[in-house]
Amino acid sequence: MKPVTVPFFISHQGCPHTCVFCDQRTISGTNGTLPSAEQILSRVDLWRSTAAGRPLEVAFFGGTFTALPEKIQTELLAPLQPLLAAGTVESVRISTRPDSIDSERVLRLSDMGVRTIELGVQSMDDAVLAASGRGHSAAESLQAIRCIKKRGVSVGAQLMPGLPGDTPAASLASLEQVISAGADFLRIYPTVVLQGTELARRYGAGEFAPLSLDRGVSLCKVLLHRAMQKDIPVIRIGLQADQGLNVESIQAGCWHPALGQMVRSQLYADLVCRFVPPGRCVTVHCHPARLSDVVGVKRGNIERQAVRGVQVRVIADFTLKHEELAIETEDATAVYSIISDLHYSIREV
Ligand code: SF4
């Protein structure tokens, strides 16, 4: 059963850096204070009452958890220990920087119930990392992923296509490298320009051109497709407004409240375009969990097909995999897969 996440945003806490794109207080919507033991317990209790028996995972997002003083890390995790022992909380997830991880820290966290560590890798290109003020190298990211894996802890990599100096090919290479290194899952956050950041200054001065929404969606589509081919889940595409992102502070860049759906929808639309010639009338069957992606944001995919003279009716079919569509014409029904029946070149982005 998929756990329910009990989120805590610890904001800029523990982070000794100022990446050019980052205003953690804007992203998290908090003032940077850490939750007290009472606040942690009371929120877990609240989430538990609405979890309907599903397991709970406590997640400390934002900031750099492992760069906090060890005493504070322990204070944050200590209230959870009795709940972990009792099975009330199943696991803990933290996020941190690649250069703030080593075997000793992973072991200590693992002993206190941390089962997932998310790393802000952002890019595997050293020039992009330097231009973004990250303060760590790609080699450190590789080392961190391997170190976490070695200790049996699940590792996620966050990637940020569209950083200063980045290219679509470099973004794809970054994704492939973190997958090869053993990342268990990915988050893809196309770069946005937030007010008050160094990136906003560069943008205002004409020194930085962010990805547009259209180009960002095209790039994320290729990245998602490659991750699907490698069987690595992408658990999130685009910053999440309901986790405290102040949308008003976004000055430019690839952001939309339904960015992930836009990206997935394009994959399904491309599949229909590839196998249904113009002027046809078809019924498209898909897994029920993918209905809204197949229809598209505001029925965008249905309209895209209508422009080609293709009439589409979409119905749910539990027998299909998430990545499959069964396309039914007057003559026959054939099943196609996003993974094996679509091919993208990064040069198209
Ligand atoms: S390391 Fe993370 S929290 Fe720190 S400045 Fe960079 S993005 Fe923000």
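Remarks
- For VAL89, nonlocal amide neighbours, meaning residues 5 or more places apart or on other chains whose placed amide H falls under 5 Å from its own, are LEU84.
- Hypothetical label at HIS17: residues of the stretch 104-138 whose amide nitrogen lies under 20 Å (7 Å Cα-Cβ projection): 104-106, 117-138
- Global geometry of the chain, whether rounded, prolate or oblate, following the gyration tensor of its Cα atoms and the 1.5 cut on a/c: prolate
- C-alpha long axis of helix 37-50 to longest principal axis of the chain, angle in °: 30
- Extension gain from GLN39 to ARG151, taking 0.36 nm per residue of separation minus the Cα-Cα distance: 37.3 nm
- Accessible area in square angstrom per residue, the chain, 1.4 angstrom probe: 44
- Using a probe radius of 1.4 angstrom, the carbon and sulfur fraction of the accessible surface of the chain is 50%.
- Peptides 151-158, 231-238, ordered by how many other C-beta atoms sit within 10 Å of their residues on average, highest first, read 151-158, 231-238.
- Theoretical FRET efficiency, 1/(1+(r/R0)^6), r = Cβ-Cβ of SER180 and THR5, R0 25 Å, to 0.05: 0.35
- Length-normalised contact order of the stretch 48-98 in % [C-alpha pairs under 8 Å, at least 6 apart]: 57
- Peptides 53-61, 102-110 ordered by packing proxy, namely the average of other Cβ atoms within 10 Å per residue, highest first: 53-61, 102-110.
- Cα gyration tensor shape of the stretch 77-235, rounded if a/c is under 1.5, else prolate or oblate by comparing a/b with b/c: prolate
- Cys residues of the chain that find no other Cys beta carbon under 4.7 Å: CYS15, CYS147, CYS220, CYS254, CYS273, CYS281, CYS286.
- Judged by the mean number of other Cβ atoms found within 10 Å, the most tightly packed of the peptides 181-188, 318-325 leads the ranking 181-188, 318-325.
- Annotation: amide H-H contacts under 5 Å for LEU194 (H modelled 1.01 Å from N, sequence separation of 5 or more, or interchain): ALA200, GLN251.
- Percent RCO, i.e. relative contact order, over the chain, from Cα pairs under 8 Å lying at least 6 residues apart: 13
- Paramagnetic reach from ALA289 in the stretch 309-345 [backbone N under 15 Å; point 7 Å along Cα→Cβ]: 317-325
- Classified by the C-alpha gyration tensor, the stretch 192-245 has an oblate form. Its axis ratio a/c, with a ≥ b ≥ c, is 1.5 or above, and a/b does not exceed b/c.
- When both bridge partners sit in the chain, DSSP labels roughly 25% of those beta bridges antiparallel.
- If you run the Gaussian network model on the chain, springs between alpha carbon atoms under 10 Å, then out of GLU198, GLU330, GLU140 the most flexible one is GLU330.
- The stretch 265-348, relative contact order [Cα under 8 Å, separation at least 6], %: 36
The values are calculated or read from the model by the stated rules, or taken from the named source; none is laboratory data. Keep in mind the model is a prediction, meaning the values are calculated, not measured. Note that each Cβ is placed from the backbone with ideal geometry, even for glycine, and that neighbours are counted across all protein chains shown. Ligands, DNA and RNA are excluded from the accessible area calculation, which covers all protein heavy atoms including side chains. Shrake-Rupley method; radii C 1.70, N 1.55, O 1.52, S 1.80 Å.
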